[in-house]
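Read the structure below first, then the notes.
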């Protein structure tokens, strides 16, 4: 046992790889939040009047809200007046091509493994990189443009495609949806916008990379994906942040709109800085993600690998409005040390014969708390709705906790809803079986954890699967309780 | 409309009246407890729809009728009507409209090692009552248990002395007759089952009459070392009955406890069941059936608290909802950090028979220990078409086939009741209900 603990310790000590800080000149708004800041951000982004009005209405609504407390996490109160709501890398003119991007910036992203040049040449993944508050580079734009696909930063979309933004922004996550989405709507600084026209199958993975760099800043980005009839897109999102002692807030909103027969696949590998081993610092990740299967036969699939953040609080959801639409949610949430995660999904079945599937795997180690919170709601009209949920928890160590809060609300007698959950640890017999076959204990644990999470990992696109598997290994390998 | 929290103001006034009616017994520890509970309820108010534990079950509308607290017990106690359980062999206690009906109760040749008495006399006679009464409620507080503690003066006290096996089951039969007036009953029951003893209780609830019958009951069971308890609740009230049932169990080493909760009717029923497994090798079984129609609303909230290692809990709740009935289930399993090697199972299956029936279910696991086996399963759906086809292919009519399948579905729960006649009686009730 002591040897196991040693291995556990060694491996959990492995440091956060992305904790560096890049010295990039930034310009930022003064600390705090008030109407002037909202106006300042809007002005900085050279936004039209309606966008400012929209932000202000969100801000005014936010003032009337109270920070929610129902989630199963604890953290010191956030002082919203102590956060810088806007920080942008200084760059005189917007880059026409990648070669014009600040070399320091490019070096930062290269350190993160996102080499724009390489991406362009080898992998065929279009990347939109967001540093602190603004999008710094988008690759493959022209190639996508040929197909009519719009993939650009949010501010660019507001400038160049206002009619689309106006139509869809807030249509899935309304301004007054919840505390953090209202905050985001008021101060969001940038993000990605993606529009897939009718019948187009996006030929490559679209990817956004988020990075918080500056101190004391909060990051509030907004992603809007619109998939028109019969289109398909696979979208990836990754995130990292430097190591800092104070907590930083990240409150993003992701909206997905899927028209008839459209399919959107959204994958996230979330690796924000989780805080130190003693639980100091780290990112608060309070994210609202929601997809609307508006048309018949549409499909939205969320896949997430959550390994970072001090506190995670997110529920990627699907509103299955169109008949025969499909929602999927695959999640691996890993918590270690003092991390806390309260994550899950909502599947709202409105249309007939809608189907949803939830596979959630929680892994807790150290002194962390990992909660699954989900809702499956079958409305009266949703005849023949079908849901299957499975949430399994794996506990590594005796000081962590695993919690499951599934809400199942059914109002239609022709719906079938099933839910299963288990909690367990890695069995001594499983380890023994591997040891017997000459597999060292730490490898055996990696093997078992990977097997535990495999169902979800299989859903990830190739590039991400590799990264996610490595992340999983770094966080947990060798921990045998 | 009076919201629950406005309603709470009348509680304070009612308590003053209640206090005045107690003449003399104000100095007891019980009265101190009452005052504490009243303070708690005045502070917290009654839970409204925003309260997480009561979000689907709102008594506000029911309480709006403001059943006068001064009429806590209708003094015009009606003569208790005969019940189907009368002929069953066992010890019997009858309560009518919240009061003991001594004339019909029959404790026969009850062994001197078993004490069955009213709460009022237990306060006088049982010196150690203070240690027990209200002590489990403290670790699992609820607004309605506080309300009960503040107002209850009637109830059953049971003590089974060391190494005693109660030879026949004890029947506690409550009937509320609301034909003349509304009835409000607060029952406070307490059972202490000492080392190596065994107890079986059948608690049956009936009501008649068109006015509202309101019952708020609290039961505390102490299972000492190696004790064994089976407590079955039969909730068979009519469509005017509101019922809040708080049952709390505390188990010591090697003890075993089974709680069966069968709800077949009523207007709005809320069952809070809490079991604390506070030592090693304890075993808890919870079985529940809600087979409801009309506008009946049944809410079962159960919690098992595994505090020590090597304990076992098993839970099976099944529901069949027809018409506009509404079922709610919430099962919590807590496994504390010390409770290694815990084994906990929970299952909740529901069948909706009508487009207007609703089920809200939330099986909840909260686990702080790593070496445990915990699982829960939950399903909601309708009868399996293949099973129906199988029966129909064998010449069984569709109605009959449906009834058979529903009966089998419900039968899984009933099968766990060990008192033969009660089991048969319930089987019959279920058959009648399904076939109609």
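Figures for the structure shown
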item: Members of the range B:306-335 found to be part of a loop (DSSP other than H, G, I, E, B) and facing another protein chain (nearest Cβ under 10 Å), listed by number; result: B:322
item: Lone qualifier among B:259, B:244 - being within 24 Å of residue B:146 (Cα to Cα), in contact (Cβ under 8 Å) with a residue 12 or more places away in the chain and touching a helix residue (DSSP H, G or I) at 6+ places or on another chain (Cβ under 6 Å); result: B:244
item: Count - residues of the range A:404-415 that are touching a strand residue (DSSP E or B) at 6+ places or on another chain (Cβ under 6 Å) and farther than 21 Å from residue A:372 by Cα; result: 4
item: Residue satisfying all of: in the range A:394-412; farther than 30 Å from residue B:321 by Cβ and not in a loop (DSSP other than H, G, I, E, B); farthest from the other protein chains (Cβ to nearest Cβ) among these; result: A:394
item: Tally of residues being surrounded by 24 or more Cβ atoms within 10 Å (Cβ to Cβ) and either in contact with a strand residue (DSSP E or B) (Cβ under 8 Å, 6 or more places away or on another chain) or over 22 Å from residue A:81 (Cβ atoms) (or both) across the range A:170-194; result: 13
item: Test: residue in the range B:237-258 that is under 21 Å from residue B:378 (Cβ atoms), buried (at least 22 other Cβ atoms within 10 Å of the Cβ) and touching a strand residue (DSSP E or B) at 6+ places or on another chain (Cβ under 9 Å); result: no
item: Members of the range A:291-308 found to be at pLDDT 80 or above and either more than 26 Å from residue A:201 (Cα to Cα) or buried (at least 24 other Cβ atoms within 10 Å of the Cβ) (or both), listed by number; result: A:291, A:292, A:293, A:298, A:300, A:302, A:303, A:304, A:305, A:306, A:307
item: Number of the condition not met by residue A:388 [criteria: (1) more than 9 Å from every other protein chain (Cβ to nearest Cβ); (2) over 23 Å from the mean Cα position of the chain (by Cα); (3) surrounded by fewer than 20 Cβ atoms within 10 Å (Cβ to Cβ); (4) modelled with pLDDT of 85 or more]; result: (2)
item: Residues (at the interface with chain B (Cβ under 7 Å from one of its Cβ atoms), over 23 Å from residue A:391 (Cβ atoms) and in contact (Cβ under 8 Å) with a residue 24 or more places away in the chain) located in the range A:413-434; result: A:414
item: Selection within the range B:347-393 - more than 9 Å from chain A (Cβ to nearest Cβ) and either part of a strand (DSSP E or B) or modelled with pLDDT of 90 or more (or both); result: B:347, B:349, B:386, B:387, B:388, B:389, B:390, B:391, B:392, B:393
item: Residue match in the range B:286-294 (condition: surrounded by fewer than 23 Cβ atoms within 10 Å (Cβ to Cβ) and assigned to a strand (DSSP E or B)); result: yes
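Listed here are the residues, each with its yes/no results for (1) within 23 Å of residue A:457 (Cβ to Cβ); (2) in contact with a strand residue (DSSP E or B) (Cβ under 6 Å, 6 or more places away or on another chain).
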| site | (1), (2) |
| --- | --- |
| A:253 | no, yes |
| A:284 | no, yes |
| A:304 | yes, yes |
| A:309 | yes, yes |
| A:323 | no, no |
| A:328 | yes, yes |
| A:331 | yes, yes |
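The values are calculated or read from the model by the stated rules, or taken from the named source; none is laboratory data. Computed from a prediction, not measured in an experiment: that's the story for all the values here. We place every Cβ from the backbone using ideal geometry, glycine too, and count neighbours over all the protein chains shown.
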